[in-house]
Amino acid sequence: MNIKLAKIDDIVEIREIISLRIKWFKDKNINQWQHDYLEWVNEYYLNDLIKKQQLYVIVGDREIIGTFALLEEDLEYWKNGNDGEALYIHHFTTRENYKKIGEYALKYIEKIALEKGKSFLRLDCSFFNEKLNKYYENFGFKYVGKFVESENYVAALKEKIL
């Protein structure tokens, strides 16, 4: 496994991975990344993340098996989202049937955050997705609040002190 900055040529595969995860959420009746998520995370948006060197891919033997974005600020969900103290993890997803990708990526992300002198890692996930909330808690993320985006999505705000 290898993690590297995404390139423009990776966008189709990144969107495929996100699309497959949206279907998986829907099939499991998990309220995360609704059908309009791909409209928001479109080619232009991903292209912008790539130009800013904020989008990463996790590469397996022959294909991209995961992706995530690391942002320096998040003013939409976090009141102090531009304090310079944190890296914000977004669009973190993987292909199914690959083990330990999340753990590998979170360790890599933590290393990047420490190299950048950050004190926190922050992310959001569905407030009602107990399994995902527990997953992040097992990696040291603590619940610090919630953000109501809409009647369809309530985010649990998670933070890890580095």
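The values are calculated or read from the model by the stated rules, or taken from the named source; none is laboratory data. Small disclaimer: the values here were computed from a predicted structure and weren't measured. Glycine gets a Cβ as well: all are built from the backbone with ideal geometry, and neighbour counts include every protein chain shown.
Can you go through Ile8, Ile30 and tell me which one is of a type in the set (Val, Ile, Thr), under 28 Å from Lys111 (Cα atoms) and touching a residue at least 24 places away in the same chain (Cβ under 8 Å)? So that I can check it myself, show each step before the final result.
Working: Ile30 fails: under 28 Å from Lys111 (Cα atoms).
Only one candidate qualifies: Ile8.
From the list Lys79, Lys51, Lys23, which one is modelled with pLDDT of 95 or more, among the basic types (Lys, Arg) and either within 24 Å of Phe147 (Cα to Cα) or surrounded by fewer than 21 Cβ atoms within 10 Å (Cβ to Cβ) (or both)?
Working: Lys79 fails: modelled with pLDDT of 95 or more; Lys23 fails: modelled with pLDDT of 95 or more.
Selected residue: Lys51, the only one of Lys79, Lys51, Lys23 that is modelled with pLDDT of 95 or more, among the basic types (Lys, Arg) and either within 24 Å of Phe147 (Cα to Cα) or surrounded by fewer than 21 Cβ atoms within 10 Å (Cβ to Cβ) (or both).
For Gly117, work out the one condition from (1) touching a Lys or Arg at 6+ places or on another chain (Cβ under 8 Å); (2) small (Gly, Ala, Ser); (3) without any contact (Cβ under 8 Å) to a residue 40 or more places away in the chain it doesn't fulfil.
(1)
Does at least one position in segment 124-138 carry a residue that is closer than 24 Å to Lys4 by Cβ, hydrophobic (A, V, I, L, M, F, W, C) and touching a residue at least 12 places away in the same chain (Cβ under 8 Å)?
No: zero hits.
Go over the candidates Leu55, Leu49 one by one and state the one that is in contact with a strand residue (DSSP E or B) (Cβ under 8 Å, 6 or more places away or on another chain) and either within 14 Å of Ala105 (Cβ to Cβ) or among the charged types (D, E, K, R) (or both). Please lay out each step first, then the result.
Numbers: Leu49 fails: either within 14 Å of Ala105 (Cβ to Cβ) or among the charged types (D, E, K, R) (or both).
Only one candidate passes the filter, namely Leu55.
So which residues in segment 58-75 are more than 12 Å from Tyr108 (Cα to Cα) and touching a residue at least 12 places away in the same chain (Cβ under 8 Å)?
Taking segment 58-75 first, the residues more than 12 Å from Tyr108 (Cα to Cα) are 59-67, 69, 71-75.
Listed by number, the residues that qualify are Val59, Gly60, Glu63, Ile64, Ile65, Gly66, Thr67, Ala69, Leu71, Glu72, Glu73, Asp74.
Being modelled with pLDDT of 95 or more, surrounded by fewer than 13 Cβ atoms within 10 Å (Cβ to Cβ) and either on the phi < 0 side of the Ramachandran plot or among the basic types (Lys, Arg) (or both): is that true of Lys111 here?
Numbers: modelled with pLDDT of 95 or more: yes; surrounded by fewer than 13 Cβ atoms within 10 Å (Cβ to Cβ): yes; either on the phi < 0 side of the Ramachandran plot or among the basic types (Lys, Arg) (or both): yes.
When the stated conditions are applied, Lys111 passes them.
For segment 126-155, which residues satisfy the criterion of being hydrophobic (A, V, I, L, M, F, W, C), more than 21 Å from Ile101 (Cβ to Cβ) and modelled with pLDDT under 95? Working first, answer last.
Step one: list which residues in segment 126-155 are hydrophobic (A, V, I, L, M, F, W, C), which gives 127-128, 132, 139, 141, 144, 147-148, 154-155.
Those still in the list that are more than 21 Å from Ile101 (Cβ to Cβ) too: 127-128, 144, 147-148, 154-155.
Those that are hydrophobic (A, V, I, L, M, F, W, C), more than 21 Å from Ile101 (Cβ to Cβ) and modelled with pLDDT under 95: Phe127, Phe128, Phe147, Val148, Val154, Ala155.
Which of the following residues is over 19 Å from Ser126 (Cβ atoms), touching a strand residue (DSSP E or B) at 6+ places or on another chain (Cβ under 7 Å) and touching a residue at least 24 places away in the same chain (Cβ under 8 Å): Glu103, Glu85?
On the way: Glu103 fails: touching a strand residue (DSSP E or B) at 6+ places or on another chain (Cβ under 7 Å).
Residue meeting the stated conditions: Glu85.
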